[in-house]
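The values are calculated or read from the model by the stated rules, or taken from the named source; none is laboratory data. Quick caveat: nothing in here was measured; it's all calculated off a predicted structure. Cβ coordinates were reconstructed from backbone atoms using ideal geometry, including for glycine residues, and neighbour counts include every protein chain displayed. We work out accessible area using only protein heavy atoms, side chains counted, and drop any ligands, DNA or RNA first. Shrake-Rupley method; radii C 1.70, N 1.55, O 1.52, S 1.80 Å.
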Amino acid sequence: QVQLVESGGGLVQAGGSLRLSCAASGRTFSGYAMGWFRQAPGKEREFVAAINRLGGTYYADSVKGRFAISRDNAKNTVYLQMNSLKPEDTAVYYCASATTFGAVVTGPVDYWGQGTQVTVSS
């Protein structure tokens with residue numbers, strides 16, 4: 001079992017920045033690929049970013065160049081640095097983990113966090 005707890009969400013003006021954190025506990029964190037997803041009101045959950053065990057990354061086109069995913073295996077934590085935020089980035093952001101990088105990007109994810117709200121005002 002892996003438990004994921006997100007933090008760092010909040011209200012920010014358009015153009016601002018936020019950093020989300022996801023603390024993992026349970027099985028060996030370094031053995032898992034990690035990712036971030038988001039779900040806006042009335043929309044399906046969508047992939048945002050993923051990072052593999054060695055630090056390789058992949059992003060959705062909508063956030064490429066603005067968001068950066070990273071991980072600290074010593075702290076069992078994955079981060080999502082979000083810059084140049086737009087109102088359309090408003091959503092609940094979820095941390096996810098899977099045993100393979102491909103599973104994080106395309107599914108199925110093995111574990112989900114409870115989510116953290118990000119609201120970007122115009």
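Hey, L20 hits all of (1) in contact with a Gly (Cβ under 7 Å, 6 or more places away or on another chain); (2) open to solvent by 20 Å² or more (accessible area, probe 1.4 Å) but one; which does it fall short on?
So L20 meets the others, but not (2).
How many of the residues in segment 73-100 are closer than 19 Å to L18 by Cα, of a type in the set (S, T, Y) and exposed (fewer than 14 other Cβ atoms within 10 Å of the Cβ)? So that I can check it myself, show each step before the final result.
Of all residues in segment 73-100, those closer than 19 Å to L18 by Cα come to 77-96.
Then drop every residue that is not of a type in the set (S, T, Y), which leaves 77, 79, 84, 90, 93-94.
Right, trim to exposed (fewer than 14 other Cβ atoms within 10 Å of the Cβ) and you get 84.
Looking only at that region, the number is 1.
Can we say N52 is open to solvent by less than 50 Å² (accessible area, probe 1.4 Å), over 16 Å from G8 (Cβ atoms), among the polar types (S, T, N, Q) and touching a helix residue (DSSP H, G or I) at 6+ places or on another chain (Cβ under 8 Å)? Steps first, answer last, please.
Numbers: open to solvent by less than 50 Å² (accessible area, probe 1.4 Å): yes; over 16 Å from G8 (Cβ atoms): yes; among the polar types (S, T, N, Q): yes; touching a helix residue (DSSP H, G or I) at 6+ places or on another chain (Cβ under 8 Å): yes.
In short, yes.
Among the numbered criteria (1) touching a Lys or Arg at 6+ places or on another chain (Cβ under 6 Å); (2) open to solvent by less than 10 Å² (accessible area, probe 1.4 Å), which one does F37 miss?
Of (1) touching a Lys or Arg at 6+ places or on another chain (Cβ under 6 Å); (2) open to solvent by less than 10 Å² (accessible area, probe 1.4 Å), only one is false for F37: (2).
I'd like to know if segment 19-32 contains one or more residues that are in contact (Cβ under 8 Å) with a residue 12 or more places away in the chain, polar (S, T, N, Q) and at positive phi. Before you say what the answer is, go through the steps one by one.
Our first condition is that a residue be in contact (Cβ under 8 Å) with a residue 12 or more places away in the chain; within segment 19-32, this holds for 19-27, 29-32.
Filter once more, so that each one left must be polar (S, T, N, Q): 21, 25, 30.
Then keep just the ones that are at positive phi; that gives none.
There is no residue in segment 19-32 that is in contact (Cβ under 8 Å) with a residue 12 or more places away in the chain, polar (S, T, N, Q) and at positive phi.
Within segment 65-109, can you find the residues that are within 14 Å of the chain's Cα centre (by Cα) and among the basic types (K, R)?
R66, R71
Please enumerate the residues belonging to segment 1-31 that are over 30 Å from P87 (Cα atoms) and not basic (K, R).
Filtering segment 1-31 down to residues over 30 Å from P87 (Cα atoms) leaves 1-2, 25-31.
Listed by number, the residues that qualify are Q1, V2, S25, G26, T28, F29, S30, G31.
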